[in-house]
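Beneath this line is the structure, given in structure tokens, with notes to follow.
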Amino acid sequence: MPSLKDLKVRINSVKSTQKITKAMKMVAASKLRRAQEAAEAARPYAERMEKVLAGLGSAVKDQPGASPLLAGTGSDDVQLVIVATSERGLCGGFNTNIVKAARQHISELVAAGKTVKILCIGKKGVGLLRRDYGDLIIDTKDMSGVKKLGFADAQPIAQEVLGMFERGEFDVATLFYAKFQSALVQINTKQQLIPAPIPEAANDDEGDDLAGAIYEYEPSEEAILDDLLPRNVAIQLYRGLLENAASEQGARMTAMDNATRNAGDMIDSLSITYNRTRQANITKELIEIISGAEAL
Amino acid sequence: MAETMRFEIVSPERLLRDTEVAMVVVPGTDGDFTALPAHAPMMSTLRPGVVEIFAEEGAEGEELFVKGGLAQIGAKGLTILAEEVIALDSVSADDLAQKISDTREDIEDAKDDVERASAEKELAWMTALQDVIAA
């Protein structure tokens, strides 16, 4: 039976934990709002880019001499897996889920006899992947210095990936991240970056369909594609990172909300024990006094 | 003749402008061109330069500097997918001159072709921006 003092100390410590988790939840909530806005603001660009690519890509894809960024290198022996995770923990199953999906993909590739290279963005993924695939990790990008994720943060990473591709260091690149749906739901997403998957030319009814109109290209279709494809990689990466940032805050908010609630439950049950013990002590003292008086 | 067309300019970070305009001057890679309503469908890459937007005919143009990108003229209007958009009044000539000389050094110090190419690309838009400011 813990003493009254022990109980008091425990209640106080749980209370201060609760204060911290509550504060973290508030911080996550406000960061979430900002991250969500950023992710939503980036959507129009990606959507339009997708439309243009859909129109251009399907026309050029089957021609000989199409950019390897679009048509691939003709093999898929060396696979680059980009795993985007968070920089900080305490966000529930967020990192574990992404890494789990990535790990499954990697083990499938390894089983199929492919060479796998891993690029980690965010240090939390490294810790989780190091144990099983430590020798496959070729690089880690530290994003901890980044306060507000901008396109300028994603671009150098994309440049590096493109540089590696040009030097023939891999054939296929896949990005793993969590797509933001709501604070409660994040969807693990696997997205192929290189070669760029050509989205089906959407049949939009607005009459702005690329396939429908005969476009004049300046300087030429190929030149535009050559300019567009590397940029598309950067954009997709940027979009993934933005979604990931929003998901991270969402996951953290939910996790901290749960932690706060659990701390509350714990305080309640500890308080009950505390009150009971106190009552028992009073009763015991009373009995001692009464039985002492009766003995006289 | 108050014909207008839809004009959108998007940067990777956000949708910057979505308005009805009468005319836009676009810095295409093969030369500037002016987009008017009911222009034939076309698509062009952009060089670093100024996009000049005229909300209505005869009105004063609004100038935005783009670092490159893609312009698409379709049935609905003009869409510019810009790499980066810089408001002209947000840069000072001195800062820019400093950056340009830094970039020049980078080109000299570049270890390989990839590094040099990216620094040269940086320099290209910086000098273009400098020309615009000086003008």
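The values are calculated or read from the model by the stated rules, or taken from the named source; none is laboratory data. Worth saying up front: this structure is predicted, and the values here are computed from it rather than measured. Here the Cβ is made from the backbone with ideal geometry for all residues, glycine too, and neighbour counts use every protein chain on show.
Regarding segment B:32-49, can at least one residue be identified that is over 15 Å from B:GLN72 (Cβ atoms), in contact with a helix residue (DSSP H, G or I) (Cβ under 7 Å, 6 or more places away or on another chain) and not polar (S, T, N, Q)?
Yes: one or more hits.
Consider A:ILE98 against the criteria (1) touching a helix residue (DSSP H, G or I) at 6+ places or on another chain (Cβ under 6 Å); (2) over 30 Å from A:ASP227 (Cβ atoms): it satisfies all of them except one. Which criterion is unmet?
The one condition A:ILE98 does not meet is (1).
Could you check segment A:39-125 for helices (runs of 4 or more DSSP H) lying wholly inside it with 3 or more residues that are of a type in the set (D, E, K, R)?
The helices (runs of 4 or more DSSP H) meeting that bar are A:43-60, A:94-111.
Restricting to segment B:12-24, what's the tally of residues that are within 11 Å of chain A (Cβ to nearest Cβ) and not in a strand (DSSP E or B)?
3
Consider only pairs whose beta carbons are under 8 Å apart and that are at least six residues apart or on different chains; among these, list those whose first residue lies in segment A:37-49 and is facing chain B (nearest Cβ under 8 Å) and whose second residue is loosely packed, with under 15 Cβ neighbours inside 10 Å and assigned to a helix (DSSP H, G or I).
Within 8 Å, no pair qualifies.
I want to confirm something. Restricting to segment B:55-95 and keeping residues that are among the β-branched types (Val, Ile, Thr) and farther than 12 Å from B:LEU16 by Cβ, which single residue is surrounded by the most Cβ atoms within 10 Å (Cβ to Cβ)?
Here the residue is B:ILE73.
Taking segment A:214-230, which residues are at the interface with chain B (Cβ under 7 Å from one of its Cβ atoms) and in a helix (DSSP H, G or I)?
A:ALA223, A:ILE224, A:ASP227, A:LEU228
Within segment B:25-35, is there a residue that is more than 13 Å from chain A (Cβ to nearest Cβ), touching a Ser or Thr at 6+ places or on another chain (Cβ under 8 Å) and either hydroxyl-bearing (Ser, Thr, Tyr) or free of Cβ contacts under 8 Å to residues at least 60 places away in the same chain (or both)?
The answer is yes; a qualifying residue exists.
Determine whether A:ILE289 is modelled with pLDDT of 90 or more, surrounded by fewer than 13 Cβ atoms within 10 Å (Cβ to Cβ) and closer than 30 Å to A:ASP6 by Cα.
yes
From the list B:LEU78, B:LEU96, B:LEU64, B:LEU70, pick out the single residue that is touching a residue at least 60 places away in the same chain (Cβ under 8 Å) and either part of a strand (DSSP E or B) or more than 9 Å from chain A (Cβ to nearest Cβ) (or both).
After ruling out the rest, the residue left standing is B:LEU78.
Would you confirm whether any residue within segment A:149-172 is under 27 Å from B:VAL85 (Cα atoms), assigned to a loop (DSSP other than H, G, I, E, B) and either within 14 Å of chain B (Cβ to nearest Cβ) or touching a residue at least 24 places away in the same chain (Cβ under 8 Å) (or both)?
Within segment A:149-172, the first condition is being under 27 Å from B:VAL85 (Cα atoms), and the residues that meet it are A:149-163.
After this cut, where a residue has to be assigned to a loop (DSSP other than H, G, I, E, B) as well, the list is A:149-150.
Pick out the ones that are also either within 14 Å of chain B (Cβ to nearest Cβ) or touching a residue at least 24 places away in the same chain (Cβ under 8 Å) (or both) and you get A:149-150.
Yes, because at least one residue in segment A:149-172 is under 27 Å from B:VAL85 (Cα atoms), assigned to a loop (DSSP other than H, G, I, E, B) and either within 14 Å of chain B (Cβ to nearest Cβ) or touching a residue at least 24 places away in the same chain (Cβ under 8 Å) (or both).
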